[in-house]
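> Mind having a look at this structure? Questions to follow.
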Amino acid sequence: MVIEGEYVPSPRKGARDQVSEIERTGTTDSVDIMGMPVVLLTMVGAKTGAIRKVPLMRVEHDGLYAAVASLGGAPEHPQWYWNLRSLPELDLQDGTVVTRRRARELEGEERAAWWERCVATFPPYASYESKTERLIPVFVLEPV
Ligand code: F42
């Protein structure tokens, strides 16, 4: 799959500004949340076909990455969750390195093992979990 099309910036200012800063500097190292590192996902909008750029926390393990659809513990999934469900290929930028990945949603023990890593990496995920009745979706981003 080719990830191309019109880039439509996020209506969320915080995310939009971080994407601009990553693009200006060429590296995700130029941004953080509470001192913790961020990665950038570039994906295709499931309904619009537009390019969507989504900064997320950097959760890495053995060369694999998690994408945590936490949305701060909101009652609904972020919209990018639905993009990855229908079009799972994406580009992942970590630092200056961009790799093509496929997102696979985790279940059961595999999700539980990754969830521990997610909370160890970014402790606020634990409070998001207790704020929402959703089971927060976790994808693993595997090389294509
Ligand atoms: N969000 C998380 O959920 N988890 C994180 O770990 C996380 C970390 C993070 C770190 C830095 C940072 O700056 C932001 C961070 N965020 C994190 C916020 C994240 O970047 C997103 O802004 C947030 O998750 C909301 O995602 P969203 O997809 O719901 O964004 C909305 C506001 C949005 O931008 N919507 C767009 C719009 O125009 O309304 C596009 C929506 C979209 O992709 N639509 C699809 C399409 O076809 O274009 C259709 C989707 C469908 O329903 O099928």
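What follows draws every value from the coordinates through simple rules; no lab data is involved. None of these values were measured; they are calculated from a predicted model. No Cβ is skipped: glycine too gets one built from the backbone with ideal geometry, and neighbour counts run over all protein chains shown.
> List every residue pair whose Cβ atoms sit under 8 Å apart, with the two residues 6 or more apart in sequence or on different chains, where the first one lies in region 121-143 and is without any contact (Cβ under 8 Å) to a residue 12 or more places away in the chain and the second, anywhere, is not in a strand (DSSP E or B).
Sorted first by the residue in region 121-143, then by its partner, the pairs are Ala126/Val119.
> Tell me, yes or no, whether region 21-34 has at least one residue that is of a type outside the set (Asp, Glu) and closer than 22 Å to Trp115 by Cβ.
Checked region 21-34: at least one residue is of a type outside the set (Asp, Glu) and closer than 22 Å to Trp115 by Cβ.
> With respect to Gly108, determine if the residue is surrounded by fewer than 17 Cβ atoms within 10 Å (Cβ to Cβ), within 13 Å of the ligand (Cβ to nearest atom) and either more than 14 Å from the chain's Cα centre (by Cα) or without any contact (Cβ under 8 Å) to a residue 60 or more places away in the chain (or both).
no
> Restrict the check to region 113-128 and report whether at least one residue is among the β-branched types (Val, Ile, Thr), more than 19 Å from Thr42 (Cβ to Cβ) and within 12 Å of the ligand (Cβ to nearest atom).
Taking every residue of region 113-128 in turn, at least one turns out to be among the β-branched types (Val, Ile, Thr), more than 19 Å from Thr42 (Cβ to Cβ) and within 12 Å of the ligand (Cβ to nearest atom).
> Among all residue pairs at least 6 apart or on different chains, which show Cβ distances below 6 Å where the first residue, located in region 8-19, is within 11 Å of Val54 (Cβ to Cβ) and the second is outside any helix (DSSP H, G or I)?
Taking only residues 6 or more apart or on different chains, the pairs are Ala15/Pro55; Arg16/Pro9; Arg16/Ser10; Gln18/Val31; Gln18/Pro55; Val19/Lys53.
> Of the residues Val97, Val54, which single one is among the β-branched types (Val, Ile, Thr), without any contact (Cβ under 8 Å) to a residue 12 or more places away in the chain and under 26 Å from Ser20 (Cβ atoms)?
Result of the check over Val97, Val54: Val97.
> Can you name the condition, by its number, that Val98 falls short on among (1) more than 9 Å from the ligand (Cβ to nearest atom); (2) loosely packed, with under 15 Cβ neighbours inside 10 Å; (3) farther than 21 Å from Asp32 by Cβ?
Here Val98 meets the rest and fails (3).
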